[in-house]
Amino acid sequence: MKTLTIRRPDDWHLHLRDGAVLEGVIADTSRHFARAIIMPNLVPPVVTAQDAVAYRDRILTALPQGDRFQPLMTLYLTEGTDPDDVAAAKESGLITAVKLYPAGATTNSHGGVRDIDKAMPVLERMAEIGLPLCVHGEVTTPEVDIFDREAVFIETVLDPLRNRLPELKVTMEHVTTKDGVDYIMGSSGNLAGTITTHHLIINRNAILVGGIRPHYYCLPVAKRENHRLALRAAAASGDKRFFLGTDSAPHVDPLKECGCGCAGIYTSPNTMSCLAHVFEEENALDKLEAFTSLNGPAWYGMAPNEETMTLVRQEQPVSYPSKRDTGAGAITVFDPMFPLHWQVVE
Ligand code: NCD
Ligand code: ZN
């Protein structure tokens, strides 16, 4: 029997939603993760410090009794964001980062940034006070192929921004390409990347071969196999610049299984089992802790969790519910398409 004990993990990119969905999904995160960076793309989005206080309260209220989970709040950057409001929110310890969604890039991002020049006063202040920018790194220009959007974003938006403001700490979220991995590895500082569980497991065939499979559709969309392999190598390397952000993004099934389905994959329940499987395949179980529990806190200037998590490799496959029932409807849980043997036991 194989056993692995690591510091308790954190999730550096998570969608918890609100209302009945929040109530239905939060335990799947708080059961395993001590902290998570909470995405602000609600409808309407979490734009001001006041919005973030109210949302944090709703999250804490939805937490199961006794869970010590800490939501790390973010603000949704708009062209009208007030630098003073952002600075005060950081100063008070309320927020951990600000999130840049290029307008129209993904779910609930229509209020995002169209012209980055308009956000420069906020970004300059963030650079001054050491507040990281979390970036959804895709351009939305209709001429750019959806599979190229990350690479074009790096070249036309991210690199110019980082040259203009080298002091700004940028987290490139849910990196999905070798281009993204190479860009982070080639940088001389102030840049890190999160990688999701599902992008380590699926390539674009999962979405399209043998029929269209909405539960494997997310944004950024999964890419070719060579990109998946680059992500696996980066995650399994232990390199401090890469860490887990699940991007677990629950949508109730009718919103996925329809003519224009939402982007998002719900991975919170089985993420740790999936990751142990991937790291074992990479012969890198000794690097799992760096990826899930050490590199993220180091980047955000926090101590790693004192508590630990133990995973055991079971002979028989471990089963997970295929759906999570919530007051808003059922949400399909990510199916990695292979049996999972690693189980979180404590
Ligand atoms: C996210 C969502 O549903 O909010 N969807 C997704 O596919 N990851 C938005 C996002 O992070 O892009
Ligand atoms: Zn996301």
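Quick one: would you say V25 is in contact with a Ser or Thr (Cβ under 6 Å, 6 or more places away or on another chain) and within 16 Å of ligand 1 (Cβ to nearest atom)?
On the way: in contact with a Ser or Thr (Cβ under 6 Å, 6 or more places away or on another chain): no; within 16 Å of ligand 1 (Cβ to nearest atom): yes.
Criteria not met by V25.
Any residue at all in the stretch 295-307 that is closer than 23 Å to G19 by Cα, of a type outside the set (G, A, S) and surrounded by 21 or more Cβ atoms within 10 Å (Cβ to Cβ)? It would help to see each step written out before you state the result.
To start, the set of residues in the stretch 295-307 that are closer than 23 Å to G19 by Cα comprises none.
No, the conditions are met nowhere in the stretch 295-307.
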For this session: Look through the stretch 104-119, keep the residues that are away from ligand 2 (no atom under 15 Å from the Cβ), within 21 Å of A49 (Cβ to Cβ) and touching a residue at least 40 places away in the same chain (Cβ under 8 Å), and return whichever of them is surrounded by the most Cβ atoms within 10 Å (Cβ to Cβ).
Result: A119
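Of the residues that sit in the stretch 168-187 and are hydroxyl-bearing (S, T, Y) and without any contact (Cβ under 8 Å) to a residue 60 or more places away in the chain, which one is nearest to ligand 2 (Cβ to nearest atom)?
Step one: filter the stretch 168-187 for residues hydroxyl-bearing (S, T, Y), giving 171, 176-177, 183, 187.
Subsequent filtering for residues that are without any contact (Cβ under 8 Å) to a residue 60 or more places away in the chain retains 176-177, 183, 187.
Values: T176: 12, T177: 16, Y183: 19, S187: 22 Å.
By that ranking, first place goes to T176.
Does the stretch 156-164 include one or more residues that are open to solvent by less than 20 Å² (accessible area, probe 1.4 Å) and either more than 22 Å from the chain's Cα centre (by Cα) or within 16 Å of ligand 2 (Cβ to nearest atom) (or both)? Walk me through how you get there before you give the answer.
Of the stretch 156-164, the ones open to solvent by less than 20 Å² (accessible area, probe 1.4 Å) are 158, 161.
Imposing the further condition that a residue be either more than 22 Å from the chain's Cα centre (by Cα) or within 16 Å of ligand 2 (Cβ to nearest atom) (or both) reduces the set to none.
Checked the stretch 156-164: no residue is open to solvent by less than 20 Å² (accessible area, probe 1.4 Å) and either more than 22 Å from the chain's Cα centre (by Cα) or within 16 Å of ligand 2 (Cβ to nearest atom) (or both).
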For this session: Please work out if R228 is surrounded by fewer than 24 Cβ atoms within 10 Å (Cβ to Cβ), free of Cβ contacts under 8 Å to residues at least 40 places away in the same chain, touching a helix residue (DSSP H, G or I) at 6+ places or on another chain (Cβ under 8 Å) and basic (K, R).
Result: yes
For this session: Check G19, G93, G66 and return the single one that is on the phi > 0 side of the Ramachandran plot, out of contact with any Ser or Thr (no Cβ under 9 Å at 6 or more places or on another chain), touching a residue at least 40 places away in the same chain (Cβ under 8 Å) and of a type in the set (G, A, S).
Result: G19
For this session: Among residues belonging to the stretch 239-294 that are assigned to a strand (DSSP E or B) and closer than 25 Å to L42 by Cβ, point out the one that is nearest to ligand 1 (Cβ to nearest atom).
Result: I265
Exercise. Would the stretch 311-334 turn up any residue that is open to solvent by 30 Å² or more (accessible area, probe 1.4 Å), assigned to a loop (DSSP other than H, G, I, E, B), modelled with pLDDT of 95 or more and over 20 Å from I201 (Cα atoms)?
Worked result: yes
Seminar exercise, completed: Note: among E150, E173, E138, just one is within 16 Å of ligand 1 (Cβ to nearest atom), open to solvent by less than 10 Å² (accessible area, probe 1.4 Å) and over 15 Å from the mean Cα position of the chain (by Cα), namely E150
Exercise. For the stretch 192-238, which residues satisfy the criterion of being closer than 18 Å to P336 by Cβ, out of contact with any strand residue (DSSP E or B) (no Cβ under 6 Å at 6 or more places or on another chain), in a helix (DSSP H, G or I) and among the aliphatic types (A, V, I, L, M)?
Worked result: L200, A206, I207, L208, L229, A236
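The values are calculated or read from the model by the stated rules, or taken from the named source; none is laboratory data. On a predicted model such as this, the values are computed, not experimentally measured, just so you know. In this analysis, Cβ positions are derived from the backbone assuming ideal geometry, glycine residues included, and neighbour counts consider all displayed protein chains. Heavy atoms of the whole protein, side chains included, go into the accessibility calculation; ligands, DNA and RNA do not. Shrake-Rupley method; radii C 1.70, N 1.55, O 1.52, S 1.80 Å.
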